[in-house]
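The values are calculated or read from the model by the stated rules, or taken from the named source; none is laboratory data. All figures in this text were calculated on a predicted structure; none of them were measured in a lab. Neighbour counts are summed over all protein chains in view; Cβ atoms, including those assigned to glycine, are modelled from backbone coordinates with ideal geometry. Quick note on the areas: whole protein, heavy atoms, side chains included, nothing else; ligands and nucleic acids left out. Shrake-Rupley method; radii C 1.70, N 1.55, O 1.52, S 1.80 Å.
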Amino acid sequence: MFKAPRGTYDILPSEQQYWRYIESKAISLCNLYGYKRIDTPVFEEGGLFVRTIGQGTDIVEKETYTFEDRGKSVMTLRPEGTAPVCRAYIEHGMHNQSQPVKLYYFSSIFRYERPQSGRYREHHQFGYEAIGEADPALDAEVIDMAWQLYQALGITGLSLQLNSIGCRECRPKYLEILKKYYSDHLSKVCPDCHTRYEKNPLRLLDCKQESCQPIAGAAPHNSDYLCADCASHFASLQKYLGILEIPYNLNHRLVRGLDYYTRTVFEVQPKEEGAQSTIGGGGRYDGLIEELGGQPTPAVGLATGIERIILNLKRQNIAVPPKPKPRVFVAFIGEAARLKSVSIVKELRRAGIPSEQALGSRSLKAQLRHADAQGAKVSLILGDNELQQGIVLVRDMSTGEQRSVSQKQVVSELRNLESN
Ligand code: HAM
């Protein structure tokens, strides 16, 4: 027996209403905030992600699905959505458009992680990127849109974690200070932190090991060592968030798991759990497009995991609109009525009334049971008598009441019923 691969799953019809609901809310917000949809390929040249996410990161070192295709090119299933969008921005000369270019996507994302609740090997993100503008008001807008999405969905108890990790100019100085601080504590930190100390010191702050917590907690804050430009950018962002009435916690340990970030980084977290449960995250990445061979181009964006949104909707018992049900079920007795039922269903559907037809050779009772199971509001019943008289029985499925209606009028009657 084949099964869905570990860490992946089928989105069954019974779950689809969550997905459609989230998508519709997200798309309305994108229209409201002026973002346009982009879709990029599921796989890209592997180098794209190594260059942008960073060699020393968990994603690139341990989690990518990378393979050589039959033409011997190395490809990677996208482990995130930002780098592909930036690649497309450069490839299609979008710097010639009026800036910022604001793009959104719904993408499947592949990471070879240890599967657990809310963590999959294939997950789905709603993400958006605003490219070509450094104004901190844009960082605030990006955060605002996510905040409005969670509010529109009715999810409560979320907190916004915010930090600034500086730029190419000021970060090296901070990293020196951080390394100097850690050099006095190396005997007490975990083995992974020893590697981080050598390869990617910023990530020392992100360590989850119990023994490293007090050391990371007391580490110097990046935001205290920002250059004048980064400091004023961060101060302005906080002012804008105040105007937008978005509460935030400054979190000096927030560094994110991808190397391309500059200045602003943020994550939205539910109250209940730790970092594994992060519902959305993002930040500014002013160097990424240049790193890919484009012109120096500031940009900021965010992605939110759809599965994690659904987890929170369910956890908070938030009902989503039910999936549409057929209004009408057409049942028949006998072969002549069968033919007529096909023609009536055709007319109903052509008139835009969701309808189902009886199939096979079940008894009328079984057909009506099926109509009930499908959630039909009304069943039409046709037999030889009805054929002779040119009528059809209209049965209200909730009360069981039946009345006869002329076959010619049944579609307009049902249409009126629907609009009532
Ligand atoms: P990320 O934080 O790696 O950022 O992922 C974004 C969101 O995807 C997370 O907050 C989480 O909700 C969800 N997610 C991540 N991994 C998994 C997983 N294994 N299973 C289920 N959900 C998961 C990015 O990917 C950046 N590209 C975000 C961004 C956009 N930064 C700038 N623009």
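All of Leu241, Leu202, Leu237 fail the test of being among the hydrophobic types (A, V, I, L, M, F, W, C), closer than 30 Å to Asp135 by Cβ, in a helix (DSSP H, G or I) and without any contact (Cβ under 8 Å) to a residue 60 or more places away in the chain, apart from Leu202. So is Lys36 within 30 Å of Gly287 (Cα to Cα) and open to solvent by 60 Å² or more (accessible area, probe 1.4 Å) or not? Judged against the criteria, Lys36 is a match. Evaluated against (1) under 23 Å from the mean Cα position of the chain (by Cα); (2) of a type outside the set (D, E, K, R); (3) part of a helix (DSSP H, G or I); (4) under 29 Å from Leu202 (Cα atoms), Asn31 falls short on exactly one condition, (4). With respect to the conditions (1) closer than 30 Å to Ile215 by Cα; (2) in a helix (DSSP H, G or I); (3) open to solvent by 10 Å² or more (accessible area, probe 1.4 Å), Tyr174 falls short on a single one, namely (3). Meeting the requirement of 2 or more residues that are without any contact (Cβ under 8 Å) to a residue 24 or more places away in the chain and not assigned by TED's automatic domain parsing to the domain that holds Arg119, the helices (runs of 4 or more DSSP H) wholly within region 283-384 are 335-350, 364-374. Looking across region 347-359, the residues that are modelled with pLDDT of 95 or more and exposed (fewer than 13 other Cβ atoms within 10 Å of the Cβ) come down to Arg350, Leu359.
Out of Pro172, Pro100, Pro136, one residue alone is more than 11 Å from the ligand (Cβ to nearest atom), free of Cβ contacts under 8 Å to residues at least 60 places away in the same chain and out of contact with any Lys or Arg (no Cβ under 8 Å at 6 or more places or on another chain). It is Pro172. Scanning region 359-376 for residues that are in contact with a strand residue (DSSP E or B) (Cβ under 7 Å, 6 or more places away or on another chain) and closer than 18 Å to Pro322 by Cβ returns Ala371, Gln374, Ala376. Is it the case that region 262-276 has a residue that's within 30 Å of Gln316 (Cα to Cα), within 8 Å of the ligand (Cβ to nearest atom) and open to solvent by 10 Å² or more (accessible area, probe 1.4 Å)? Checking region 262-276: at least one residue is within 30 Å of Gln316 (Cα to Cα), within 8 Å of the ligand (Cβ to nearest atom) and open to solvent by 10 Å² or more (accessible area, probe 1.4 Å).
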